[in-house]
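Participant: Input: one structure, supplied below.
Please treat every number below as a calculation from the coordinates, not as lab data. Remember, predicted model here, so these are calculated numbers, not experimental data. Every residue, glycine among them, receives a Cβ derived from its backbone with ideal geometry; neighbour counts consider all protein chains shown.
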Amino acid sequence: MSKTHLQGDDVRYLALVGRQLFSVIFIIASAGHFTQGTIALAAEHGVPMAGLLVPVSGLIALAGGLSVLFGYRARVGGALLAVFLVPVTFTMHNFWAAPDASTFRLELLLFLRNIVLLGCAVLVTKTGAGSLSLDAAMESRPLEADSAA
């Protein structure tokens, strides 16, 4: 039985697809942060100044998601997503305060999902976007000042 090893191109494409799949949840979810329903729900969970902080968190999630999606300053984008996830996870998915068993299970699931997403955000913050990204394209392109010399 032979082992299959990933080749360099395979890893590049896996990193690209993984980055895109990871970022899409934040891009899609960010739109909800501008609705009165989401703002009201956050206020019910005790978020102070929810009318301001919820839309700001939507902008952070959108900026981080787009950064990671395109691989443009992806380390910063990953950090933005981590900054977004920590307060949202502990404030909005506080399963330990659930009033009943079904809410407990749902909030626990969403809490754990966010913990996994936080791990991915930290990984992107550490490793960057990979070779199929705007970051890599910009690094490999010679600067105009260098080429004029």
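Participant: List every residue pair whose Cβ atoms lie under 7 Å apart, where the two residues are 6 or more positions apart in sequence or sit on different chains, the first residue falls within the range 60-87 and is within 14 Å of Gly18 (Cα to Cα), and the second residue, located anywhere, is among the aromatic types (Phe, Trp, Tyr) and assigned to a helix (DSSP H, G or I).
Facilitator: Matching pairs, first to second residue: Gly65/Phe26; Val68/Phe22.
Participant: Okay, moving on. Of all the residues that make up the range 70-92, how many are under 9 Å from the mean Cα position of the chain (by Cα), crowded, with 20+ Cβ neighbours inside 10 Å and among the aliphatic types (A, V, I, L, M)?
Facilitator: The number of residues fulfilling the criteria is 3.
Participant: Inspect all residues belonging to the range 114-135 and state whether any of them is over 29 Å from Asp10 (Cβ atoms) and touching a residue at least 40 places away in the same chain (Cβ under 8 Å).
Facilitator: Scanning the range 114-135 turns up no residue that is over 29 Å from Asp10 (Cβ atoms) and touching a residue at least 40 places away in the same chain (Cβ under 8 Å).
Participant: Say whether the condition of being farther than 21 Å from Ala137 by Cβ, part of a helix (DSSP H, G or I) and of a type in the set (A, V, I, L, M, F, W, C) is met by at least one residue in the range 31-38.
Facilitator: yes
Participant: Go through (1) among the charged types (D, E, K, R); (2) in contact with a His (Cβ under 7 Å, 6 or more places away or on another chain); (3) farther than 24 Å from Gly58 by Cβ and name the single condition Glu107 misses.
Facilitator: In the conditions (1) among the charged types (D, E, K, R); (2) in contact with a His (Cβ under 7 Å, 6 or more places away or on another chain); (3) farther than 24 Å from Gly58 by Cβ, Glu107 misses (3) alone.
Listed here are the residues, each with its yes/no results for (1) within 24 Å of Ala129 (Cα to Cα); (2) in a loop (DSSP other than H, G, I, E, B).
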site: Ala42; (1), (2): no, no
site: Gly46; (1), (2): no, yes
site: Leu59; (1), (2): yes, no
site: Leu69; (1), (2): yes, no
site: Val76; (1), (2): yes, no
site: Thr91; (1), (2): no, no
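Participant: Ok, one more. Give the number of residues within the range 95-145 that are in a loop (DSSP other than H, G, I, E, B), under 20 Å from Leu41 (Cα atoms) and in contact with a helix residue (DSSP H, G or I) (Cβ under 7 Å, 6 or more places away or on another chain).
Facilitator: Qualifying residue count, the range 95-145: 1.
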